[in-house]
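Single-structure report; data block below.
The values are calculated or read from the model by the stated rules, or taken from the named source; none is laboratory data. Keep in mind that what you see is a predicted model, and the values were worked out from it rather than measured. With ideal geometry, Cβ positions are generated from the backbone for all residues, glycine too; neighbour counts draw on all protein chains shown. Note: accessible area is taken over every heavy atom of the protein model, side chains too, but ligands, DNA and RNA are not part of it. Shrake-Rupley method; radii C 1.70, N 1.55, O 1.52, S 1.80 Å.
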Amino acid sequence: MCGVVGVYNVSSVLNTNLDGLHMVQHRGQDAVGVALSDGKSFLPNSPSRILGLVGDYKAWPGLLPEKILLGTGHVRYATSGVHASIENAQPMIISTRWGPFTIAHNGDTPEFEEQRARLEKEGAKFLSTADTEVLGESIAKQAETALTLQDAMLEVLADFKGAFALVMSTASSLIGCRDPFGYRPLSIGKLEDGWILVSETCALDHLRAEYVRDVDPGEMVWIDEHGLQSFKFGEQKSRLQQCIFEPIYFSRPDSKVFGRYVDGMRKDLGEKLAQEVGELDHENMIFIAVPDSAMFAADGYAKAMDIQLEHALIRHHYSVRTFIQDGESARDQGVRLKFNPISHRIKGKWVVLIDDSLVRGTTMRRLVRMMRENGAVGVTLLIASPPIFHPCRYGVDMKTYDQLLAALKKGKVDEICNFVEADELYYLSYDGLREVVEREGFLAQNFCFACFDGNYVL
Ligand code: SF4
């Protein structure tokens, strides 16, 4: 997962871009990059990229002209290509016979290596190992015969098999696209006389931009001096495949994703979990949400069960999200740095920990140990989503079966529970998840559940 931002014709393009990236920082923490144009050409040093967080980005490397027309930005979370690589950071600049364009990508391309090999045979040279460059070079190849760069983009995107939300730009135009299945979110905002494209609407709120709408699946929006124009590409799908993991875990609760605020669905997931699990039978229980992503699911659970949540687990906000750290030992150390329990609240209690999802189980095992080290007499885990049995091919970093605890334990809940060293474990059911999606006013058939049911469309 990554975060993308595009800014067109606002008073401070660079700062707006960086502020927008800061607001989607939770979507990727490997690298950050920005590319700027004055309307005639990209500024020297575009793209300017660093490894690290948006806060580590100190300044544009060079003089800034008085007028900057547009900028594109990206925070990277590696799903394809080498991690922690400046070459794989984005935006990338791709040269074509119609001039250069920038590309920043959120998503994943399941078979990009084959496409890369084909392009290499045709003479393409790659500077990175990322699928984004394959998409960019495919457009460059198409541009050799297309009438315009816009035509080349539309022709390539129509056939490109992958999950993508893209922010691209030419020197004078800002471009946003979502794949025809709509796996990843991308929203359009209005600020001053200009436009913002961004992965999540929480960034629009922070920028005080007005939310206009989402980019539709299979739509390209092209923003230039004539305003915003819309183009369709690819076969329009009767069933979408919006990623259900966005509202469960990845997106911020103050974002509207796929047309609904995330906080509402998370509360409903917690409420459904309460209905399915029913009363727990332990003395002296204390109910704790794993901060921050499980807080809304825990609220829903607490309301349904008429119990009080205790803030007895504190999250340190200046360490990175463990889910997207590289390597098992880094993750383990990350958990220790990230969470600290308030031991006097836990001592002598049966702890009920509520979390949004359980992927590898290593974070949860560390948390369960922490509870016991701080005097818990027992630990129950409540997970507000079903067991994850299958890898994601579309942009979330759970790419192999051996990363998935439920798959490794063949779905045996007692063995999963043993691994995380809890006393009991309950998941939300798969049917319960689908029911909540429908209750939110969506059609469940318009969501991807592949990591839960193995039903891959691409
Ligand atoms: Fe989202 Fe899971 Fe589908 Fe990946 S497989 S896109 S994480 S729902």
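Roughly what would the spin-label model give for LYS347 and VAL212, points 7 Å off Cα along C-beta, in nm?
Taking the two extended label points, one gets 5.9 nm.
Might you report the magnitude of the Cβ-based charge dipole of the range 265-443 about its Cα centre, with Lys and Arg at +1 and Asp and Glu at -1, to the nearest 20 debye?
Here the range 265-443 has a charge dipole of around 680 debye.
Over the Cα atoms of the chain, Rg to Rh with Kirkwood Rh, two decimal places?
With Rg and the Kirkwood Rh in hand, the quotient comes to 0.99.
Starting at 0 and stepping by 5 Å, how many percent of the alpha carbon pairs of the range 191-254 end up in each bin?
Distribution as computed: 4, 13, 20, 21, 20, 14, 7, 1 percent.
In degrees between 0 and 90, to the nearest 10, how far off the longest principal axis of the chain does helix 112-121 point, with axes built from Cα atoms?
The answer is roughly 20 degrees.
So with the 1.4 Å probe, I'd like the accessible area per residue for the range 3-237, rounded to whole Å².
Spelled out: the 1.4 Å probe surface of the range 3-237, per residue, equals 38 Å².
Dipole magnitude of the chain about its Cα centre, charges +1 at Lys/Arg Cβ and -1 at Asp/Glu Cβ only, in debye to the nearest 20?
For the chain, the charge dipole is close to 700 debye.
Taking every DSSP beta bridge that has both residues in the chain, what percent is antiparallel when rounded to the nearest 5?
Of those bridges, close to 75 percent are antiparallel.
Which number do you get for Rg(Cα) / (2.2 N^0.38 Å) in the range 65-157?
So the Cα radius of gyration is 1.10 times the expected 2.2 N^0.38 Å.
Shape verdict for the range 3-237, please, from the Cα gyration tensor: rounded (a/c under 1.5), prolate (a/b greater than b/c) or oblate.
Because its axes are fairly even, with a/c under 1.5, the range 3-237 counts as rounded.
Given the Cα-Cα distance of ARG336 and ALA84 and 0.36 nm per residue of separation, how much length would full extension add, in nm?
88.5 nm
Shape of the range 242-319 from its Cα gyration tensor (a ≥ b ≥ c, root eigenvalues): rounded if a/c is under 1.5, otherwise prolate when a/b > b/c, or oblate?
oblate
Need one number: nm distance between label points at ALA444 and LEU280, each 7 Å from Cα along Cα→Cβ, rounded to one decimal.
Distance between label points: 2.6 nm.
Straight distance only, please: which lysines reach the Cα of LYS190 with their own Cα at less than 20 Å, same-chain residues fewer than 8 apart left out?
By straight Cα distance, LYS190 reaches LYS67, LYS256.
With each run of n ≥ 4 DSSP H residues scored as -39500 (n - 2.57), what mean residue ellipticity at 222 nm is computed for the chain after dividing by its residue count and rounding to the nearest 500 deg cm²/dmol?
One gets -8000 deg cm²/dmol as the mean residue ellipticity at 222 nm.
Step through the table entries LYS267/LYS410; LYS161/LYS237; LYS125/LYS399, compare each Cα-Cα distance with 18 Å, and write down the pairs that go over it.
In this structure, LYS267/LYS410; LYS125/LYS399 exceed 18 Å between Cα atoms.
Residue by residue through the range 433-443, which ³J(HN,Hα) values in whole Hz follow from phi under the Karplus form 6.51 cos²θ - 1.76 cosθ + 1.60 (θ = phi - 60°), with glycine and proline marked x?
Calculated HN-Hα couplings, in order: 4, 4, 5, 5, 4, 5, 4, 6, x, 8, 9 Hz.
Relative to the longest principal axis of the chain, what angle (0 to 90°, nearest 10) does the C-alpha long axis of helix 262-277 take?
In the chain, helix 262-277 runs at an angle near 30 degrees to the longest axis.
I need the Kirkwood Rh of the range 265-443: take the reciprocal of the average 1/r across all distinct C-alpha pairs and report it in angstrom.
That comes to 16.5 Å for the range 265-443.
As a test of understanding, state the convex hull volume per residue of the range 278-321 from its alpha carbons, in Å³.
84 Å³
How far is helix 149-159 tilted off the main Cα axis of the chain, in degrees rounded to 10, range 0 to 90?
Between helix and principal axis, roughly 40 degrees.
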